[in-house]
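Notes follow the structure.
The values are calculated or read from the model by the stated rules, or taken from the named source; none is laboratory data. Every value quoted in this text rests on a predicted model; they were computed, and no experiment measured them. FYI the Cβ positions are ideal-geometry reconstructions off the backbone, even for glycines, and counts take in every protein chain you see.
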Ligand SMILES: Cc1cc2nc3c(=O)[nH]c(=O)nc-3n(C[C@H](O)[C@H](O)[C@H](O)COP(=O)(O)OP(=O)(O)OC[C@H]3O[C@@H](n4cnc5c(N)ncnc54)[C@H](O)[C@@H]3O)c2cc1C
């Protein structure tokens, strides 16, 4: 069996490791260069991401990733200002019951990506933009790339994010809605906050504070093990500036609208906009933004994919943001998808089920868990006509809202 994966994000790279470890041939095509595009510095990582890591990655990779996560996050704090001081007003358990957030740990996103890329040097083709596919009479799928090259495989997986070109051709009826919401996200070296008491107040917990009609979210990542020491012990093959440059930090996020963001695009412009937005905040909160690394500040878009009816399984499928978007835990869902799809494909490669049954089983589970209120007719998923996929350049009804 050969699998072509489009997109070297969290989902695509996790799947590639899982398939390789099971002896299945896999090639990942990634539009960007090795550095990727800025996606923010932090991720809240929960049991779904951890289970996928453990199932799909080689043990040294798992050890490296887990050694460099932050401490346990079991509650969300709500801070407020009292007599000029920031205090904890309330806390809510992150138990998956009082909201979608589950307990977990904070992860340095660029470091996790570097770990995921390690060992896949001969598997990932960078600078390769997927443009379209064709389902062939012999059951295989041929993919085309912007440079005119092609590749043919038994399965094509779109792990190409919310603007997915694979989804646009395969499931042209799926809509992506731009919510107009944007998240300004940055990170501040923890040493810059020494003496303020804020890191100690928060501990490992995610914290929100209401300030001047706005909300600011924060979290501290103190690496459980320094990344350099962890890589020397677990993954010496991981040679990346991310490892040597990483230090403990405080992540922060400011939800704004596109209107408020305006034309700010470069990291420095987005950082200045964040400073303007936080100008009236408590002095300690302003310090967080003022002392941030400007080049790590990003404005992320929040798109939305409404639930869709089920479709018949075929040798083309989609994982992660390409089919569902969840800003606070979409990375975990993308890795969960990769984990599930890998398990099903391994069974198919061993002759324990057909390829279509494998992909159908993955898609059923993905739709059930990623769209809690699926579009059903009397409890049975409503089938739509066989998706597109016999050549052509594909539709483009997706709004292409990217993060
Ligand atoms: C503000 C914000 C905060 C978030 N916080 C969290 C969090 O705390 N925890 C969490 O789990 N998730 C979080 N998420 C969600 C998370 O970032 C995404 O769900 C996750 O990155 C999705 O991974 P993916 O692999 O599906 O897609 P992506 O990470 O988007 O990767 C897709 C890849 O495909 C490539 N690509 C695209 N088109 C093509 C093409 N035509 N050809 C080749 N390659 C292509 C892209 O370059 C990219 O590398 C957050 C999102 C936002 C917006």
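Observations
- Within the option set 107, 115, being in contact (Cβ under 8 Å) with a residue 40 or more places away in the chain, in a strand (DSSP E or B) and within 19 Å of the chain's Cα centre (by Cα) holds for one residue only, 107.
Per-residue answers, yes or no, for (1) modelled with pLDDT of 95 or more; (2) farther than 23 Å from residue 340 by Cα; (3) more than 10 Å from the ligand (Cβ to nearest atom):
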{"position": "108", "(1), (2), (3)": "yes, yes, yes"}
{"position": "125", "(1), (2), (3)": "yes, yes, no"}
{"position": "136", "(1), (2), (3)": "yes, yes, yes"}
{"position": "150", "(1), (2), (3)": "yes, yes, yes"}
{"position": "161", "(1), (2), (3)": "yes, no, no"}
{"position": "165", "(1), (2), (3)": "yes, no, no"}
{"position": "181", "(1), (2), (3)": "no, yes, no"}
{"position": "190", "(1), (2), (3)": "yes, yes, yes"}
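- Total residues in segment 191-207, condition out of contact with any strand residue (DSSP E or B) (no Cβ under 8 Å at 6 or more places or on another chain) and more than 14 Å from residue 283 (Cβ to Cβ): 3
- Selection count, segment 158-192, where residues are more than 21 Å from residue 270 (Cα to Cα) and in a helix (DSSP H, G or I): 7
- Tally of residues being farther than 30 Å from residue 237 by Cα and in contact with a helix residue (DSSP H, G or I) (Cβ under 7 Å, 6 or more places away or on another chain) across segment 55-108: 4
- The residues of segment 239-263 that are in a helix (DSSP H, G or I) and either closer than 22 Å to residue 327 by Cα or not assigned by TED's automatic domain parsing to the domain that holds residue 210 (or both), listed by number, are 258, 259, 260, 261.
- When restricted to residues that are closer than 22 Å to residue 195 by Cβ and touching a helix residue (DSSP H, G or I) at 6+ places or on another chain (Cβ under 9 Å), segment 280-300 contains 11.
- Among the residues making up segment 17-42, those that are at pLDDT below 95 and either more than 30 Å from residue 293 (Cα to Cα) or crowded, with 20+ Cβ neighbours inside 10 Å (or both) are 40, 41, 42.
- Residue count for segment 268-306 satisfying the condition of being assigned to a loop (DSSP other than H, G, I, E, B) and either out of contact with any strand residue (DSSP E or B) (no Cβ under 9 Å at 6 or more places or on another chain) or under 30 Å from residue 86 (Cα atoms) (or both): 9.
- Taking the criterion of being modelled with pLDDT under 95 and farther than 20 Å from residue 184 by Cα, the only residue of segment 196-224 that qualifies is 224.
- Residues that are touching a residue at least 40 places away in the same chain (Cβ under 8 Å), within 16 Å of the ligand (Cβ to nearest atom) and more than 27 Å from residue 3 (Cβ to Cβ) do not occur anywhere in segment 50-66.
- Qualifying residue in segment 2-13 (condition: buried (at least 18 other Cβ atoms within 10 Å of the Cβ) and more than 11 Å from the ligand (Cβ to nearest atom)): yes
- Residue within segment 166-174 that is under 18 Å from residue 315 (Cα atoms) and surrounded by fewer than 14 Cβ atoms within 10 Å (Cβ to Cβ) present: no
- Residues that are in contact with a helix residue (DSSP H, G or I) (Cβ under 6 Å, 6 or more places away or on another chain) and not assigned by TED's automatic domain parsing to the domain that holds residue 183 are absent from segment 29-37 altogether.
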